[in-house]
Amino acid sequence: QVQLVESGGGVVQPGGSLRLSCAASGLPFSTYVMSWYRQAPGKERELVAARSTGQYGNYADSVKGRFTISRDNIRNMVYLQMNSLRPEDTAVYFCKASTDRYEYWGQGTQVTVSS
């Protein structure tokens, strides 16, 4: 059974930082593209960052230079380091594992950027 469990969300002031983690189990982790998505209230879910094994991360324009996606294929973990956070980064952040055939989602973790 595949499980993706996010953690690390919380409330932070504008300009602050958070590091999200996603623990994956039940799948051949290194073969999956790992991604972070987010969904703000009243908005569609959007891609934040994605990373394949051996590749650099791809980022939404809105987070380039502020967010960094990384993965640890030994621990089956993917991370999202978020710096210089803005109120518009407030959303539920989801971890996704995908291949051409399969797609799995975590339950999400809330990030709130507010003074």
Given the peptides 51-57, 74-80, arrange them by the average over their residues of other C-beta atoms within 10 Å, most packed first. 74-80, 51-57
Glu88 versus Ser52: modelled label distance in nm, points set 7 Å from Cα along the beta carbon direction: 3.0
On the protein heavy atoms, probe 1.4 angstrom, tell me the percent of accessible surface of the chain carried by carbon and sulfur. 45
Go ahead and run the numbers for FRET between Met77 and Ser115, Cβ-Cβ distance against an R0 of 41 Å, rounding to 0.05. 0.85
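Arrange the residues Glu46, Glu6 by how much accessible surface each exposes, largest first, with a 1.4 angstrom probe. Can you show the working numbers first?
Details: Glu46 80, Glu6 20 Å².
Reading off the accessible areas and sorting them downward yields Glu46, Glu6.
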With the other protein chains left in place, how much accessible area per residue, in square angstrom, belongs to the chain at a 1.4 angstrom probe? 56
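Can you tell me the relative contact order of segment 1-95? Whole percent, Cα pairs under 8 Å, sequence separation 6 or more. Walk me through the numbers on the way to the answer.
Working: 187 pairs, mean separation 32.3, N = 95.
Reported as a whole number, the value is 34 percent.
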From zero outward in steps of 5 Å, how is the percent of C-alpha pairs of the chain spread across the bins? 2, 13, 25, 26, 19, 10, 5, 1, 0
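The values are calculated or read from the model by the stated rules, or taken from the named source; none is laboratory data. Fair warning: this is a prediction, and the values are worked out from it, not measured in the lab. Every residue, glycine among them, receives a Cβ derived from its backbone with ideal geometry; neighbour counts consider all protein chains shown. Ligands, DNA and RNA are excluded from the accessible area calculation, which covers all protein heavy atoms including side chains. Shrake-Rupley method; radii C 1.70, N 1.55, O 1.52, S 1.80 Å.
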